[in-house]
1. If only one of B:Val77, B:Val73 is surrounded by 13 or more Cβ atoms within 10 Å (Cβ to Cβ), more than 13 Å from the chain's Cα centre (by Cα) and more than 15 Å from DNA strand D (Cβ to nearest atom), which one is it?
2. Could you identify the single residue in A:Ile195, A:Ile177, A:Ile141, A:Ile145 that is more than 17 Å from the chain's Cα centre (by Cα) and at pLDDT 95 or above?
3. Identify, please: which residue in region A:1-12 is among the aliphatic types (A, V, I, L, M) and in contact (Cβ under 8 Å) with a residue 60 or more places away in the chain and is, among those, nearest to DNA strand D (Cβ to nearest atom)?
4. Out of (1) part of a helix (DSSP H, G or I); (2) away from chain B (no Cβ under 13 Å); (3) surrounded by fewer than 20 Cβ atoms within 10 Å (Cβ to Cβ); (4) in contact (Cβ under 8 Å) with a residue 24 or more places away in the chain, what's the single condition that is false for A:Ala162?
5. If the requirement is being out of contact with any strand residue (DSSP E or B) (no Cβ under 7 Å at 6 or more places or on another chain), within 11 Å of DNA strand D (Cβ to nearest atom) and not in a helix (DSSP H, G or I), which of these qualifies: B:Phe33, B:Phe37?
6. Look through B:Ala157, B:Ala144 and report the one residue that is surrounded by 20 or more Cβ atoms within 10 Å (Cβ to Cβ) and in a loop (DSSP other than H, G, I, E, B).
7. Within the group A:Glu10, A:Glu50, which residue is under 26 Å from the mean Cα position of the chain (by Cα) and either surrounded by 14 or more Cβ atoms within 10 Å (Cβ to Cβ) or farther than 25 Å from B:Val93 by Cβ (or both)?
8. Of the conditions (1) without any contact (Cβ under 8 Å) to a residue 60 or more places away in the chain; (2) in a loop (DSSP other than H, G, I, E, B), A:Ser15 clears all except one; give me its number.
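The values are calculated or read from the model by the stated rules, or taken from the named source; none is laboratory data. Being a predicted model, the structure only gives us computed values, none of them experimental. Quick reminder, even Gly has a Cβ in these numbers, built from the backbone with ideal geometry, and neighbours come from all protein chains shown.
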2 protein chains.
Amino acid sequence: MAAALKKMSEDKGFSSLGLREVTKEAGIAPASFYRHFSNMEELGLALVSEAEDALQAILLDAKALEEKGEDIVASSVQVCMQHFRDNGPLFRVLAREATGNSPLIRRRIQRCLMNLNHQLAEIIELEMRRRHRKITNPLYIAEAISTLVFNLGIASADLPYAKQKEAEKRLAHHIRIIYWGAEAMANSQHLSRNIMLS
Amino acid sequence: MAAALKKMSEDKGFSSLGLREVTKEAGIAPASFYRHFSNMEELGLALVSEAEDALQAILLDAKALEEKGEDIVASSVQVCMQHFRDNGPLFRVLAREATGNSPLIRRRIQRCLMNLNHQLAEIIELEMRRRHRKITNPLYIAEAISTLVFNLGIASADLPYAKQKEAEKRLAHHIRIIYWGAEAMANSQHLSRNIMLS
DNA sequence: TTTTTCAGCAAACACTTGTACACTTAATTG
DNA sequence: CAATTAAGTGTACAAGTGTTTGCTGAAAAA
């Protein structure tokens, strides 16, 4: 699995990754591959599993931050980006294969991301209740935020440092806007004044 | 090019698409490929070019809608999704190769999307001025919106009809929240009251 | 009408690919 | 200790890969 990741961060692309390539990188004979996986797709699923764990780790870190107080948005984004950097190849696999070759792998990633959205929504709801703020449909908010962080974050994870910091700033801004918007919308619904729809 | 697209919408993935596969689908000999492209990567770039044009077409359609008035957000999203459906394979190539194999193609797509963001930002700014609304950094807003529409839209473009409509609704909601948030933030900056940062 | 360009062809080349089989070791287990 | 299992090996095979070369017709330009 490590060999596959290394190969993928070099010449990119899981679907264009051959069984023989992987075994050569791993320093074993082609036939030995079948002792561990019966398929390349199985290897892919294993990698996705690992990436799922890494995603969960991010959420845990973010939760820990939340209890500390501070500027949650900024530090959450920073933590995210740190994770994206730390195991860049793994997440790039996830991003790639989310729209990738194998339907099996694709569905699994989509399910994983949706699951993550539900967890994130729960965190957001709790936090908002703690602050006595109303908010519309936390799951939607979670989807918007995770989509932005995931796509923009991973895309800029292998850029030079300055660009990364810039991306962090933009991401934090996006998230803040979404929070503000959600709150504004919730309040306007309460007052039944919906200017944006007219 | 049509053959490549067809192949890609079947067994997915440009990087895993062979020259010989394409020529077989096109009904010509492998050697004949070189009369049109000197490389598979060149074919990829040509496809991206076509997709870029399709993206521009979306923007034109959206602009036309804007002058009509009506519910801009909802109808823009509908128009977008219609385009995504109409040439699904093309856009899936774009989404895939945005995080894909070839650095050359990847950079080009990123540049194209950034260009699109600038155009979208201009539209947003004009529209906001027309409505006498203040807004913070239109380019950020454009980035957030296009990222969401692009990723969520394309991901759900090949789902069953009901799910698509549901995705449309969610997308429109996201966009509205972002608009609200941008406006709220602009107003708060004006009043120098920044509750979200505390 | 002659010439040049264009799109296509078959055959061949040197590789790489996934997979299968029979085999050796090393470690684990009974 | 003996037996079983896990991991790895070399060889082989059929199929597929990108690319080159020299060739054919047809269409377009001269």
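1. Working: B:Val77 fails: more than 13 Å from the chain's Cα centre (by Cα).
One residue alone meets the criteria, B:Val73.
2. Numbers: A:Ile195 fails: at pLDDT 95 or above; A:Ile141 fails: more than 17 Å from the chain's Cα centre (by Cα); A:Ile145 fails: more than 17 Å from the chain's Cα centre (by Cα).
When all the criteria are applied, what remains is A:Ile177.
3. Of the residues in region A:1-12, the ones among the aliphatic types (A, V, I, L, M) are A:1-5, A:8.
Next cut, in contact (Cβ under 8 Å) with a residue 60 or more places away in the chain only: A:5, A:8.
On the way: A:Leu5: 17, A:Met8: 19 Å.
Among those residues, the one meeting the criterion is A:Leu5.
4. The number of the failed condition is (4).
5. Numbers: B:Phe33 fails: not in a helix (DSSP H, G or I).
One residue alone meets the criteria, B:Phe37.
6. Numbers: B:Ala144 fails: in a loop (DSSP other than H, G, I, E, B).
It is B:Ala157.
7. Numbers: A:Glu10 fails: either surrounded by 14 or more Cβ atoms within 10 Å (Cβ to Cβ) or farther than 25 Å from B:Val93 by Cβ (or both).
Exactly one residue qualifies, and that residue is A:Glu50.
8. (1)
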